[in-house]
Each structure stands twice: as structure tokens, then as C-alpha cells.
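The values are calculated or read from the model by the stated rules, or taken from the named source; none is laboratory data. Everything quoted here is computed from the prediction, not taken from an experiment. Reconstructed Cβ throughout: ideal geometry from the backbone, glycine too, with neighbour counts over all protein chains shown. When the accessible area is computed, the model is the full protein with side chains, heavy atoms only, and any ligands, DNA or RNA have been set aside. Shrake-Rupley method; radii C 1.70, N 1.55, O 1.52, S 1.80 Å.
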Amino acid sequence: MSVVGVIDFETTGLSPAMGDRATEVAIVLLDGGQVVDRFQSLMNAGVRINAFIEQYTGISNEMIRTAPPAAEVMADARRFVRGVPLVAHNASFDQRFWAAELERLGPDEGADPPFACTMLLSRRLYPQVGSYRLQSLASFHALPSAGRAHRAMADAEVAASLLSRIQQDIQRDYQVDAAPHELLVKLQRTQRKALPKAIEAYFDALR
DNA sequence: TGCCAGGCCCTCTTTAGGGCCTT
């Protein structure tokens, strides 16, 4: 399995535990660093978006009013990524909303994919970068612009470009043929000085 | 109107505090 899904949520706030809901989701499927499919939709969770968030994301209450129900969109998103591991920038955030929105749909086997995080990986791989915000890393790597920042598909596209760059840099710097999702999940919690041994151990275990 | 949480990481640390990152 070399396909991964890069996901980004726009939401009404920072915490589903505090009642915040998703307003938009985008998922880019990458196979070998190439985009092979995309999923994107606004969603109506029946909650009001405050003025700050409207300004921040450009997603208005009027846009949400005519969007499909959140349950319908999340069911489609779940089908879209079935069996595919996920990646996000500051993945703990997107993982919380993924779990919270899907929990509303009821139990489902295989709906709990592992997440890798481009922010944690970037902290390990690029210690010279002053800021690990998605846009700062995009500028640092001169990644192509994908549209208005803080819209789900634009941010998912940039995160996908960043992921491809991370995978290329791991392959180049550590002389390995691939940087699969399972390895990324291990590396994102590995101290920088321990990266070479962790990568070596991962590939030794495959032999 | 402005704020909310959670996880990670650094340091003036580990019996803690604060900044960063996501919306």
C-alpha cells in the first residue's frame, strides 16, 4: 500500500470537545508522490460560524446554509479513504475532528486510520526553519501555491506537496528507497539524532 | 468581541511553565 490521503478540515473552532464542528473537508490521495484523486466538500453541521472564523477561512454562514449535511459528507469521506492511512499538518487537530465527526455516524469497522503529521516530521527534518506553520514551510521549500490559504483543498494540496518533499528528503538523506507512511509515523516521535538508527531498524525489520 | 483544547517541545525542566500549531 503506497497510497496515502492528505486531509485538511476547516472548522468552527479548535475543539470538538467544546462543541466545534467541521465546515469543510478536503482529501488528496497521493500515490508515489503523485496526486491520483481528490475529495472536497463544504458541510452543514447546523452550527453558526462566528465572524472571526468567517474572515479566517472565507467560509460564510450563507455558504454552509446550502451545503450538504455533515453526516452525508463525512460518510462520503470515509468511503473515499477506506483502507488508506492519512496525513495532516498538525495532525492531532484533524484527527480529533475526523474522529468526532465520524463518531456521530455510529460505529464502523476500519474507520480509524493511522495519522502521520507533517508538522512533527518537519520539526525533526528541518531544524533550521523558524516557523512550522504550513505556509511558512511552503515558503521555505518554495512549494507551489494552491489557492486561498485556510480553505481545505488549498491547504491539503500544500500539505501534500510538503509530504512529498519530506519523503524525497528522507530517501536522499538516509539512502533509502522509500519513506512509507508507517515509517513516517515512527519518525515523527523520534528525536532528530536518533533518526538514522530508527530508519535503519525499520528497514531491517522488513528484511 | 474574543476566547475556548490538546499535544508536542524547549528550558531558566522533570514536584513546571509557556510557546507553537491547528480553526
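Just a yes or no: is a residue in the range A:141-154 open to solvent by less than 20 Å² (accessible area, probe 1.4 Å) and under 13 Å from the mean Cα position of the chain (by Cα)? Can you show your working first?
Initial filter on the range A:141-154 (open to solvent by less than 20 Å² (accessible area, probe 1.4 Å)): A:141, A:152, A:154.
Next, only the ones that are under 13 Å from the mean Cα position of the chain (by Cα) stay: A:152, A:154.
Looking for residues that are open to solvent by less than 20 Å² (accessible area, probe 1.4 Å) and under 13 Å from the mean Cα position of the chain (by Cα), one finds at least one in the range A:141-154, hence yes.
The single condition from (1) near DNA strand B (Cβ under 10 Å from one of its atoms); (2) open to solvent by 20 Å² or more (accessible area, probe 1.4 Å); (3) more than 30 Å from A:LYS186 (Cα to Cα) that A:ARG124 fails is (3).
A:GLY147 satisfies every condition listed in (1) assigned to a loop (DSSP other than H, G, I, E, B); (2) touching a helix residue (DSSP H, G or I) at 6+ places or on another chain (Cβ under 6 Å); (3) within 9 Å of DNA strand B (Cβ to nearest atom) except (3). Look at (1) more than 17 Å from A:VAL4 (Cβ to Cβ); (2) open to solvent by 30 Å² or more (accessible area, probe 1.4 Å); (3) in contact (Cβ under 8 Å) with a residue 40 or more places away in the chain; (4) more than 11 Å from DNA strand B (Cβ to nearest atom) and you find that A:ARG192 fails only one, number (4). A:ASP108 fulfils the conditions (1) outside any strand (DSSP E or B); (2) within 19 Å of A:ILE27 (Cα to Cα); (3) away from DNA strand B (no atom under 11 Å from the Cβ) except for a single criterion, (2). All of A:SER15, A:SER41 fail the test of being within 10 Å of DNA strand B (Cβ to nearest atom) and among the polar types (S, T, N, Q), apart from A:SER15. Evaluating A:ARG96 against the criteria (1) within 11 Å of DNA strand B (Cβ to nearest atom); (2) open to solvent by less than 50 Å² (accessible area, probe 1.4 Å); (3) touching a residue at least 40 places away in the same chain (Cβ under 8 Å); (4) more than 21 Å from A:THR190 (Cα to Cα) leaves one unmet condition, (2). Within the range A:169-185, the residues that satisfy the criterion of being under 17 Å from A:SER2 (Cβ atoms) and assigned to a helix (DSSP H, G or I) are A:ILE170, A:GLN171, A:HIS181, A:GLU182, A:LEU183, A:LEU184, A:VAL185.
Annotation for the range A:120-127: at least one member residue is touching a residue at least 40 places away in the same chain (Cβ under 8 Å), in a helix (DSSP H, G or I) and over 17 Å from the mean Cα position of the chain (by Cα). Of all residues in the range A:164-205 being in contact with a Gly (Cβ under 8 Å, 6 or more places away or on another chain) and not small (Gly, Ala, Ser), which is nearest to A:ILE53 (Cα to Cα)? That would be A:GLN167. Set side by side, the residues A:ARG82, A:ARG48 differ, and just one is open to solvent by 60 Å² or more (accessible area, probe 1.4 Å) and within 14 Å of DNA strand B (Cβ to nearest atom), which is A:ARG48.
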